[in-house]
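**Student:** Sharing a structure, written as structure tokens. Questions coming.
Throughout, read-outs are computed from the coordinates displayed, never taken from laboratory work. These figures come from a predicted structure and were not determined experimentally. Ideal geometry is used to build each Cβ from the backbone, glycine not excepted, and the neighbour counts take in all protein chains shown.
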Amino acid sequence: MTDTPIRTERHGAVLEVTLDRPKANAIDLATSRIMGEVFTDFRDDPELRVAIITGAGEKFFCPGWDLKAAAGGDAVDGDYGKGGFGGLQELRGLNKPVIAAINGICCGGGLELALSADILLAADHATFALPEIRSGTVADAASVKLPKRIPYHIAMEMLLTGRWIDAEEAARWGLINHIHPAGTLMEEAHKLAQMLASGPPLVYAALKEIVREAEDMKFQDAMNRITRSQFATVETLYRSEDQLEGARAFAEGRDPVWKGK
């Protein structure tokens, strides 16, 4: 096991976060707390605009909860730290894009971690499952998230049987966005991240808040909140320099220069 289970690299406005816990990149309580700090710092750093989460090596993205750590005393209801398990699932106010670059086996809590990202890219050899049923436990976060991401009957089959699916099937059901050869996965993730990093951060923030808050609202209720300026990020956007810059750039036929303010 490495001394630093989480490696981070800054590439301009992009933060690359690598889960590095041989042999399988499983997450114990201590690692989850570190991840919570990493993603909280990402959320609060105005210089960072996009994050990529991936796993070290070529076999595992993440299998989720570290069962060896659990056998050694880590409590399943222990302190996961900020953002809950893996630092992303319950992190409040994370209004920046997150990309999951799934480089291998992605199951259990690892799939729940991937589902916390906004855009999911996968290597062509990646596989996916929720095997908790076989150990008599419940994939709690996946039980909430998965039926909202893919057809209900497919989600329930995965939850009830623990069946594995490959990257092609995952893409077919809409679980992931794109498949890439393993050797180019991170290159493609960084291309996407740099494209997003060059975009309007205040618009991203508004989009993420609207999508998150409106998920369980009726359409008209959500629209009423927007028109009444009840989304803080939307109000910030409409009063920003970037809003004016977007209009000026369009009128002048040039690319806008976003400042995030």
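**Student:** Using the Kirkwood radius over Cα pairs, work out the Stokes-Einstein diffusion coefficient for the chain at 20 °C and 1.002 mPa s, in µm²/s as a whole number.
**Tutor:** Details: Rh = 19.3 Å.
Here the translational diffusion coefficient equals 111 µm²/s.
**Student:** What Rg and what Dmax come out for the range 29-114 when only alpha-carbon atoms are used, in angstroms?
**Tutor:** Reported Rg and Dmax, both Å: 13.1, 40.
**Student:** How big is the range 108-154 along each principal axis, measuring the range of its Cα positions in Å and listing the largest first?
**Tutor:** Ordered largest first, the range 108-154 gives principal extents of 30, 22, 19 Å.
**Student:** Per residue and in cubic angstrom, what volume does the convex hull of the Cα atoms of the range 143-229 have?
**Tutor:** That works out to 119 Å³ per residue.
**Student:** So for the range 91-193, what percent of the C-alpha to C-alpha distances run longer than 19 Å? It would help to have the intermediate numbers written out before the result.
**Tutor:** Values: 2094 of 5253 pairs.
The answer is 40 percent, as a whole percent.
**Student:** Restricting attention to the alpha-carbon atoms of the range 201-252, what are Rg (one decimal) and Dmax (integer), both in Å?
**Tutor:** Calculated on Cα positions, Rg and Dmax stand at 12.4, 40 Å.
**Student:** Straight-line reach from Lys218: which lysines fall under 22 Å, measuring Cα to Cα and dropping same-chain residues less than 8 apart?
**Tutor:** Within the straight-line cut-off, Lys218 pairs with Lys145, Lys148, Lys208.
**Student:** List residues of the range 82-113, by number, whose backbone nitrogen lies under 19 Å from a label position 7 Å along Cα→C-beta of Lys59.
**Tutor:** Output list for this probe position: 102-111.
**Student:** Set the Förster radius R0 to 22 Å, insert the Cβ-Cβ distance between Val257 and Thr236 as r into 1/(1 + (r/R0)^6), and round the FRET efficiency to 0.05.
**Tutor:** Working: r = 18 Å, r/R0 = 0.83.
The computed FRET efficiency comes out at 0.75.
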